[in-house]
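Encoded as structure tokens, the structure appears first; notes follow it.
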Amino acid sequence: MHFLNDVPRFFSQWLLNAFWLNDSKIARRIRQSVYQTSCNIDTQVMIVNRANFQAGSGSSLYHASYILNTHGQFALGQRSHLGAFCYVNVAYGKVTIGDDVAIGPGTKIIAYSNHYGVGKKVTDERLVADVLIGNNVFVGANCAILPGTRIADHVIVGAGAVVKGELKTDCIYGGIPCRELKRGWYSGELAN
């Protein structure tokens with residue numbers, strides 16, 4: 001009869017899943033209350049440390065987004081969102097996303113990662129480098145945004161891109177590695 005010892009745990013997890021998997025308005029409000037935010041929190045979203053999470057009004061985290069912010073800071077601007085299945089590793093460091101930003105589904109944003117050093121094990125080395133994404137940015141689906149990346153305002157990043165370094169304002173980027181494809185999309189002075 002040892003399974004009876006597990007009954008309270010079973011019911012507490014069952015109750016938690018009733019709100020975590022439920023897409024009703026009531027469940028959404030409960031998730032917002034649990035995370036103490038006005039951000040729209042969709043089903044199966046996980047925020048590891050709510051104390052290190054900020055979100056502006058009108059922002060959203062869609063289905064199964066995961067914010068690993070154990071010791072790091074994550075900030076999402078007003079009217080910005082992470083699409084379904086996004087992953088943010090900011091266990092240390094900072095990830096700051098501006099206003100009116102759309103991050104496509106499946107995108108990974110990494111501020112904390114394993115690293116390498118001469119004569120050292122990669123599992124022992126760490127890299128912490130903040131990620132900053134400006135305002136009015138569109139990042140397509142399944143991109144990888146690597147540590148230390150700075151994306152200026154009014155930038156488009158094509159789906160599947162691997163982004164590292166600085167992306168200039170008013171440009172369209174894409175590819176592996178990510179490179180500038182066009183300039184002037186926002187200003188109307190589109191150039192090749």
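Within region 110-122, residues that are touching a residue at least 40 places away in the same chain (Cβ under 8 Å) and closer than 25 Å to residue 142 by Cβ reach partners that are in a loop (DSSP other than H, G, I, E, B) and not polar (S, T, N, Q) with beta carbons closer than 8 Å, at six or more positions or on different chains, in the pairs 112/72; 112/90; 112/91; 112/92; 112/93; 112/147.
A quick yes/no check of all residues on (1) basic (Lys, Arg); (2) under 23 Å from residue 185 (Cα atoms):
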site	(1), (2)
119	no, no
126	yes, no
130	no, no
147	no, no
151	no, yes
159	no, yes
162	no, yes
165	no, yes
175	no, yes
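Scanning region 84-127 for residues that are aliphatic (A, V, I, L, M) and at pLDDT below 95 turns up 118, 122, 127.
For (1) under 19 Å from residue 47 (Cα atoms); (2) in contact (Cβ under 8 Å) with a residue 40 or more places away in the chain; (3) in contact with a His (Cβ under 9 Å, 6 or more places away or on another chain), each residue gets a yes or a no:
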residue: 95; (1), (2), (3): yes, no, no
residue: 136; (1), (2), (3): no, yes, yes
residue: 160; (1), (2), (3): no, no, no
residue: 164; (1), (2), (3): no, no, no
residue: 181; (1), (2), (3): no, no, no
residue: 190; (1), (2), (3): no, no, no
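Scanning region 60-78 for residues being under 20 Å from residue 23 (Cα atoms) and either surrounded by fewer than 24 Cβ atoms within 10 Å (Cβ to Cβ) or in contact with a helix residue (DSSP H, G or I) (Cβ under 6 Å, 6 or more places away or on another chain) (or both) gives a total of 5. Of all strands (runs of 3 or more DSSP E) completely enclosed by region 98-175, which ones contain at least 2 residues that are of a type in the set (A, V, I, L, M)? Here the list reads 108-110, 126-128, 131-133. Of the listed requirements (1) surrounded by fewer than 18 Cβ atoms within 10 Å (Cβ to Cβ); (2) within 12 Å of the chain's Cα centre (by Cα), residue 139 misses just one: (1). All of 5, 52 fail the test of being more than 22 Å from residue 140 (Cβ to Cβ) and without any contact (Cβ under 8 Å) to a residue 12 or more places away in the chain, apart from 5.
For residue 54, the conditions (1) more than 11 Å from the chain's Cα centre (by Cα); (2) farther than 15 Å from residue 19 by Cβ; (3) part of a loop (DSSP other than H, G, I, E, B) all hold with the exception of (3).
Is it the case, given these coordinates, that residue 144 is touching a Gly at 6+ places or on another chain (Cβ under 7 Å), surrounded by 17 or more Cβ atoms within 10 Å (Cβ to Cβ) and at pLDDT 95 or above? In short, no.
The values are calculated or read from the model by the stated rules, or taken from the named source; none is laboratory data. Note that the structure is predicted; figures quoted are calculated from it, not measured. Note: ideal-geometry Cβ built from the backbone for every residue, glycine included; neighbour counts use all protein chains shown.
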